[in-house]
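What follows is one structure encoded as structure tokens, with my remarks underneath.
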Amino acid sequence: EKAGYKHFMAKEIAEQPVVIADALKHYTGGGVNPALHLPEGVDFSGVDRITMVACGTASFACHVAKYWFEQIAGLPAEIDIASEFRYREPPLSDKSWAIFVSQSGETADTLAALRYAKERVAKVVSVVNVPTSSIARESDLSLPILAGVEVGVASTKAFTCQLTVLALLAIKAGLDRGRLDAEAARELLGALRNLPGLMNHALALSAPIAAIAEELAEAQDVLFLGRGAMYPLALEGALKLKEISYIHAEGYASGELKHGPIALIDARVPVIVLAPRDGLFDKTVSNMQEVMARHGKVLLISDAAGVAEAGAGTWRTLTLPEVPAAFAPILYAVPAQLLAYHTAIAKGTDVDQPRNLAKSVTVE
Ligand code: M6R
């Protein structure tokens, strides 16, 4: 039930701090010193690469995780959309793992991709929300994301719980491959454990986000920009907005702006810039200034330092708490979800049952 919320989506957005804390407790123990409690078969020694396959929002979780596996564990990671993967017949290494990510565990293309990979890789791993699902059952090893039932067609808490479990896998890979020592791993786990508290601050921005959404609802087209692991979050923010508000939205890596999409910019196009004050901030800000020079309406989502440094001249800003750079996409997912939610409310669309969409896509 909706527990007093107007929509399942609102309830599921609000639940994120609790379900992520629960998942972390399950996988890192309840004590002061976090330690990884993953199933025995999760051992990345000898694994030469991973291929992650999924659809929609789950595929964007894989995109984010690619940065983690590469940066934290030095493990080459490929990502594929399930519907492309299965027909491309990609060659796979028998020392590699294939990781399938799915909320429902029943997505037809993802399941077919899993069956293709099964005989060709060392291990088929799934990251699912429904532990009794076909994808969970047909995997060699399945990790539940423990998000609880997700009813809203627009995936929210499943996305951030998928990210949480994928982050834990990346940390385990870092340890197994000798890229991380125990102390560095503990620090990363500690940073993950701080996320639920930070997410509560992000949820508290609901009212200012609703005010921004009133104006966003007038737009025909919206662009989302990000760099590094914030780039896939830009893709996710755009998907969320188009799914439930029916506004055309695209996500781009900020650096791609001048390779085409900048031609779209004028005073009617809101551009949402996801930019924590990290090592890539200056580059993103210079892209943002190119947008502003063409009268684009910039919404800068950053932390206090980022807003103080680059907020001048923007249309609007939103200030999130500071977060360790690696895990910023988990925190920044919250304002992206709330923007889509409140824009849909402003437009009066059916938030939980958007037109033409199904919660689980069991036909290809
Ligand atoms: O159940 P799955 O995670 O396999 O579903 C994949 C996509 O169909 C799903 O994420 C879809 O893109 C959502 N409607 C996104 O909000």
State to the nearest 20 debye the size of the charge dipole of the chain about its Cα centre, where the only charges are +1 on K and R beta carbons and -1 on D and E beta carbons.
-> 140
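With +1 assigned to the C-beta of every Lys and Arg and -1 to the C-beta of every Asp and Glu, and no other charges, what is the dipole magnitude of the range 1-158 about the Cα centre in debye, to the nearest 20?
Dipole of the range 1-158, to the nearest 20 debye: 200 debye.
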Per its Cα gyration tensor (rounded if a/c is under 1.5, else prolate when a/b beats b/c, else oblate), the range 190-270 is best filed as oblate
Scoring the chain by relative contact order with C-alpha pairs under 8 Å, at least six apart, yields a percentage of 19
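Give me the percent of accessible area attributable to carbon and sulfur for the range 161-246, probe 1.4 angstrom.
48
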Which residue, chosen from Gln353, Ala312, Leu163, occupies the Cα position most advanced towards the positive end of the dipole of the chain, where the dipole is computed from +1 (Lys, Arg) and -1 (Asp, Glu) charges on Cβ about the Cα centre?
-> Gln353
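Which entries in the list Lys95/Lys359; Lys11/Lys359; Lys123/Lys172; Lys66/Lys123; Lys66/Lys157; Lys240/Lys359 go over 24 Å, if you measure between the two C-alpha atoms of each?
Lys95/Lys359
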Rank Gln353, Gln162, Gln337 by mean-square fluctuation in a GNM of the chain with C-alpha springs under 10 angstrom and give only the top-ranked residue.
-> Gln353
Stretched out fully, how many nm does the piece from Val18 to Thr132 gain, at 0.36 nm a residue minus the Cα gap?
-> 38.8 nm
Using the C-alpha atoms of the range 302-352, what convex hull volume per residue, in cubic angstrom, is computed?
-> 76
Assign one of three labels to the range 91-223, namely rounded, prolate or oblate, based on the Cα gyration tensor with a ≥ b ≥ c the square roots of its eigenvalues; rounded applies when a/c is under 1.5, prolate when it is not and a/b is larger than b/c, and oblate otherwise.
-> oblate
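What does the helix-only formula give at 222 nm for the chain: each DSSP H stretch with n ≥ 4 adding -39500 (n - 2.57), the total divided by the residues, and the result rounded to the nearest 500 deg cm²/dmol?
Computed ellipticity for the chain at 222 nm equals -15000 deg cm²/dmol.
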Accessible area of the range 1-102 belonging to carbon and sulfur atoms, whole % at 1.4 Å probe | 50
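Given the range 11-123, report the % of alpha carbon pairs whose separation exceeds 20 Å.
51
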Once both axes come from the Cα atoms, what is the angle between helix 230-245 and the longest principal axis of the chain, in degrees from 0 to 90, rounded to 10?
-> 70
Might you tell me the accessible area per residue for the range 280-354, computed with a 1.4 Å probe and given in Å²?
-> 36
Along the three principal axes, how long is the range 242-355 when you take its alpha carbons, biggest first, rounded to the nearest angstrom?
-> 39, 33, 22
The range 309-364-the range 106-150 distance, computed between alpha-carbon centres (Å) | 26
Would you mind getting the accessible area per residue of the range 74-125, heavy atoms of the protein chains only, 1.4 Å probe, in Å²?
-> 42
Per DSSP, loop trypsin sites (Lys or Arg not before Pro) in the range 287-364 with at most 16 further Cβ within 10 Å = Arg294, Arg355, Lys359
Once label points are set 7 Å from the Cα along Cα→Cβ at both Ser45 and Asn33, what is their separation, rounded to one decimal in nm?
-> 2.2
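The values are calculated or read from the model by the stated rules, or taken from the named source; none is laboratory data. As the structure is a computational prediction, the values presented were derived from the model and not from experiment. All Cβ positions, glycine included, derive from the backbone under ideal geometry; neighbour counts span all protein chains shown. Heavy atoms of the whole protein, side chains included, go into the accessibility calculation; ligands, DNA and RNA do not. Shrake-Rupley method; radii C 1.70, N 1.55, O 1.52, S 1.80 Å.
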